[in-house]
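Here is the structure we will look at, set down as structure tokens.
The values are calculated or read from the model by the stated rules, or taken from the named source; none is laboratory data. Here the structure is a predicted model, which means the values were calculated and not measured. Reconstructed Cβ throughout: ideal geometry from the backbone, glycine too, with neighbour counts over all protein chains shown.
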Amino acid sequence: MHASHHAANPFDMLINPQAILDAMEHSTRLQSLERKVCRPLDKAAAPKPIPSAEVAAFDAALDRQTDRYVE
């Protein structure tokens, strides 16, 4: 299909998605774009720090406080 036809009919992707994909694969404008692969989720997550006794006591006090409002 001709590229101007796609611009005239925005519903072509619904009607004939393969024609749109073919046009994208053969587009010189799209092929000339710079490409970069980013994989930020491939890195290992940092381990969570172990809370100190003081922080654990504070969290427990907050939990006791909020339990009064839940009842």
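Summary of computed values
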{"item": "Number of the exception - residue 23 against (1) farther than 30 Å from residue 9 by Cβ; (2) surrounded by 11 or more Cβ atoms within 10 Å (Cβ to Cβ)", "result": "(1)"}
{"item": "Qualifying residue in the range 57-71 (condition: among the hydrophobic types (A, V, I, L, M, F, W, C), modelled with pLDDT under 80 and not in a helix (DSSP H, G or I))", "result": "no"}
{"item": "Candidate set from the range 1-20 (those that are surrounded by 10 or more Cβ atoms within 10 Å (Cβ to Cβ) and part of a loop (DSSP other than H, G, I, E, B)); member that is modelled with the highest pLDDT", "result": "16"}
{"item": "Residue in the range 29-48 that is surrounded by 10 or more Cβ atoms within 10 Å (Cβ to Cβ), modelled with pLDDT under 85 and either in a loop (DSSP other than H, G, I, E, B) or within 28 Å of the chain's Cα centre (by Cα) (or both) present", "result": "no"}
